[in-house]
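The values are calculated or read from the model by the stated rules, or taken from the named source; none is laboratory data. Since this is a predicted model, take the numbers as computed values, not measurements. All Cβ positions, even for glycine, are placed from backbone atoms using ideal geometry, and neighbour counts span all protein chains on display. The area values use the complete protein model at the heavy-atom level, side chains included, leaving out ligands, DNA and RNA. Shrake-Rupley method; radii C 1.70, N 1.55, O 1.52, S 1.80 Å.
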Amino acid sequence: MPTRILLLSADFGSGHLAAATAIAAACRSLSADCEAVVVQCRSPLLGLVGRAYLWQIRHTPDLYRQLYRLPPGRPLRRLVIRVLSGPVRRALQQYNPDVVVGTHPFPAGAALHLLNRSWPKRVPVAMALTDFAPHGFWIWPGVARYFTASEQAARELVRRGADAAAVRATGIPVRMALAADGTGADRTAGPTAGSSSSGVRRVLVIGGGLGLGPIAAAVDALLSLPRPDLRVTVICGRNEALLDQIRRRHGSDARLTALGFTDQVLDHMREADLLVTKPGGITCAEALALGLPMLLLDPLPGPEEENAAYLAGSGAARVVGVKRLAGAADDLLFRRPERLAAMAAAARQAGHPASALAIAAEVLALADAPRAQVAGITPSS
């Protein structure tokens, strides 16, 4: 029989889905008889929660910051289970998995509740964290594996109550293409080889799948630099209004390339000398895997602030406001490229280009363990 892996994501931005897709592809690559399916769990109430989150971070960021730091109590967990039990139960019944992997804690927590309550067979549940600092909502009783961004995140997860024996520091799951080409272009000697030969310096600006954050203002700031050798590529995701706005303002500037949604983000990252972005977990993990230095724009309260703190502490990134962006970019790209090279080296050190493969190997081992027990065989590890 094939090994069935069910990956559960939630409709909160594109990062959780990207992480699940990366793990699914890695599982299939390691096992020819593996059936890995990704399900993005949705419900009307979950959509309301997402809209409430966006409203809070825009209008009451300090309040959201305080709420985010509160430990998630039993009432909140029960609410999550109630909201997602329906779609999660349907996914479990349809795919009959041997292992469940959650790239968002809500559907994974609901799956744990359902599997422990009335499921006819033992199904391990794993959590693949998608930010650099763990939130308490990831911790649920009975999780078989936690996959964290770093050893630092693993220690914090254990401090918050996770079973140390279940925690693995694999890195945030990123696309397998990053494992195939190692850590990307050699940036440790300065800007990329393709750029330095002509003097051109390339900045990539990303606002995530939704094109959120002060992206238009960032492009304004970068193009205000009197640098003919500067090239700016901005990816606006599915935010068509943002794309139109930037093209109207700077359409005549030959230094700018403005794009909407594209599946060629990694190619643009490979060509860039510097990434300007919001500190989302998946985008920044991909940048680390490619050894790409980052300037992080005005982090939102909650996970973005914690991601930014970790990335700045690693030496791979700096946190800047839009008003200081032009000066910071000019300093790194043109005035002190040795600092950019040091950030690239730090990014390489912190990156995990093979993270999805490491997670997939653990997940497939979890699938084999219950089968071995049923057959009366003692697993070797």
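Tabulated data
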{"read-out": "Accessible area per residue in Å² at 1.4 Å probe, computed on the chain", "value": "44 Å²"}
{"read-out": "Modelled FRET efficiency - R0 45 Å, Asp62 with Met1, Cβ distances, 0.05 increments", "value": "0.30"}
{"read-out": "Base-10 log of normalised Debye intensity for the range 241-343 (one unit scatterer per alpha-carbon) at q = 0.13, 0.14, 0.24, 0.25 Å⁻¹", "value": "-0.51, -0.59, -1.43, -1.45"}
{"read-out": "Convex hull volume per residue for the range 1-158, taking Cα atoms only, in Å³", "value": "114 Å³"}
{"read-out": "Percent of C-alpha pairs per 10 Å bin, the chain, short to long", "value": "5, 23, 32, 23, 12, 4, 1, 0"}
{"read-out": "Computed helical MRE - 222 nm, the chain, DSSP H runs ≥ 4 contributing -39500 (n - 2.57), nearest 500", "value": "-15000 deg cm²/dmol"}
{"read-out": "Förster-model FRET efficiency, 45 Å R0, Ser29 and Asp331, C-beta, rounded to 0.05", "value": "0.65"}
{"read-out": "Solvent exposure ordering (accessible area, 1.4 Å, most first) of Thr283, Thr130", "value": "Thr283, Thr130"}
{"read-out": "With at most 15 neighbouring Cβ atoms within 10 Å, loop trypsin sites (Lys or Arg not before Pro) (DSSP) excluded, longest segment of the chain", "value": "239-381"}
{"read-out": "DSSP-defined beta bridges in the chain - what % are antiparallel, rounded to 5", "value": "0 percent"}
{"read-out": "Carbon + sulfur, % of accessible area of the chain - ligands and nucleic acids excluded, 1.4 Å", "value": "53 percent"}
{"read-out": "Thr148 accessible area, 1.4 Å probe, all protein chains in place, Å² to nearest 10", "value": "0 Å²"}
{"read-out": "Overall form of the range 88-189 per C-alpha gyration tensor (a/c, 1.5; a/b vs b/c)", "value": "oblate"}
{"read-out": "Highest-fluctuation residue, Ala19, Ala354, Ala326 considered, GNM on the chain with Cα pairs under 10 Å", "value": "Ala326"}
{"read-out": "Acute angle (nearest 10 degrees) that the helix 355-374 long axis makes with the longest principal axis of the chain, alpha-carbon atoms", "value": "0 degrees"}
{"read-out": "Rough spin-label spacing in nm, given labels placed 7 Å along Cα→Cβ, for Ala254 and Asp267", "value": "2.3 nm"}
{"read-out": "Percent breakdown of C-alpha pair distances by 5 Å bin, ordered from the shortest bin, for the range 226-276", "value": "5, 18, 29, 25, 19, 4, 0"}
{"read-out": "Over the range 104-156, equivalent-ellipsoid semi-axes from the Cα gyration tensor in Å", "value": "23, 10, 8"}
{"read-out": "Gyration tensor (alpha-carbon) shape descriptor, the range 289-350, a/c threshold 1.5", "value": "oblate"}
